[in-house]
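In what follows, a structure is listed as structure tokens, so that the remarks can point back to it.
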């Protein structure tokens, strides 16, 4: 059987949906590009009809994927559902953006599954914690202390590298443009998915801010450890818990209290605290309010000062590069030492081309050896 004939015979409707969502386009647009009717594309995607080889070739061309991608690898396609993912807001994000971001997570999960068939990654350290929406934010602060203690993070120090801690404990992290217009949009900063083979955190690149990316990663860790049993995107209470967990995980209350200015708010001292703990000035003010170091009026006044100085857009002081995920890059480097390339993985798992994988998932060139 020819390559196209084999792909058509093993056509996977979920792979067609994944390819479409990766492009961020509608079924109508797929139909236009492939010279088909929207109804036929819907039937292919729902699995009620199977495309002929020539039609499959047109679909693959329209979606910029190899024909084999639409056949899948023989394993269930990993395609996260928005309802199983943790998005901060459903009002600020369009359906297209959410679907494109989750499709990217699906592609990442497919790659991770292929890597794990050859490399042993750290096991996911599920601590058995859980918070309900009606638990107060203070419960998330206490949970952060439990996690730090069980993971051996000294109580008197901030977390040095949040992404590395996640990776050491079996959570795979990617940092990449989550949607096509990620360089100009703030609609999807980060999200996580806990229903796949292992937890996955997707960090966006639009803001390119060290402190914000650290808090994003810690925020998603809160969702993974506290809310995985009952995910609910954009739930206000769960989001507040995750944010409180994230800031407390990075910098426990004692660190903030000890470094907080006494008397009048001293911005130079706050800047030193920002550098010490790796939280932004805005996040420090929010944390100070949570811990009773600022009252509501003081917090509002301080935030107005930030805005007036233009620090809500760009804070003063050094701007380190955001933390970089390395777990999958290291695994790819180990495989390369045994003459297994990303091209090999992509071909065996029927994924997109290796160059596209690197671009879409923000992968660095393999060969870099890093101790996780």
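What the table below lists for this structure:
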{"read-out": "Considering only the chain, percent of DSSP beta bridges that pair antiparallel, nearest 5", "value": "60"}
{"read-out": "Folded to 0 to 90 degrees: helix 95-116 orientation relative to the chain principal axis, Cα", "value": "80"}
{"read-out": "Cα long-axis angle, helix 210-226 against the chain (0 to 90 degrees, to the nearest 10)", "value": "80"}
{"read-out": "C-alpha center-to-center spacing [the range 106-177, the range 183-244] in angstrom", "value": "11"}
{"read-out": "Relative contact order computed over the chain (Cα-Cα under 8 Å; 6+ residues apart), in percent", "value": "19"}
{"read-out": "Hydrodynamic radius by Kirkwood, which averages 1/r over all alpha carbon pairs of the range 194-240, in angstrom", "value": "11.7"}
{"read-out": "Nearest-ten-degree value, helix 236-250 long axis tilted from longest Cα axis of the chain", "value": "70"}
{"read-out": "Proportion of all alpha-carbon pairs of the range 212-357 beyond 20 Å (%)", "value": "61"}
{"read-out": "Rel. contact order, % - alpha carbon contacts under 8 angstrom, at least six apart, the range 155-248", "value": "25"}
{"read-out": "For peptides 153-159, 17-23, sequence by mean Cβ density within 10 Å, most packed first", "value": "17-23, 153-159"}
{"read-out": "FRET efficiency for residue 14 and residue 324, using Cβ-Cβ distance with R0 set to 35 Å, rounded to 0.05", "value": "0.70"}
{"read-out": "Semi-axis lengths, Å, the range 80-372, gyration tensor of Cα atoms, sqrt of 5 times eigenvalues", "value": "33, 20, 19"}
{"read-out": "Burial ranking of peptide ranges 139-147, 342-350 (average Cβ count within 10 Å, highest at the top)", "value": "139-147, 342-350"}
{"read-out": "Largest-first ellipsoid semi-axes for the range 1-77, taking √(5λ) over the Cα gyration tensor eigenvalues, angstrom", "value": "17, 13, 11"}
{"read-out": "Zone residues, the range 228-265, relative to residue 297, backbone N less than 20 Å from point 7 Å out along Cα-to-Cβ", "value": "261-265"}
{"read-out": "Highest average packing first - 251-257, 119-125, 238-244, Cβ atoms within 10 Å", "value": "238-244, 251-257, 119-125"}
{"read-out": "Residue 230 versus residue 205: modelled label distance in nm, points set 7 Å from Cα along the beta carbon direction", "value": "3.8"}
{"read-out": "As computed over the range 115-252, the Cα convex hull volume per residue (Å³)", "value": "111"}
{"read-out": "Distance histogram for the range 13-141 (every C-alpha pair counted, 10 angstrom bins, percent rounded to whole numbers)", "value": "11, 34, 29, 16, 9, 2"}
{"read-out": "The range 1-77, relative contact order in percent, only Cα pairs under 8 angstrom and at least six apart counted", "value": "46"}
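Every read-out reported here was derived from the displayed coordinates using simple, explicitly stated rules and does not represent laboratory data. Not measured: the values here are computed from a predicted model. As a convention, Cβ positions derive from the backbone with ideal geometry for all residues, glycine included, and neighbour counts pool all protein chains shown.
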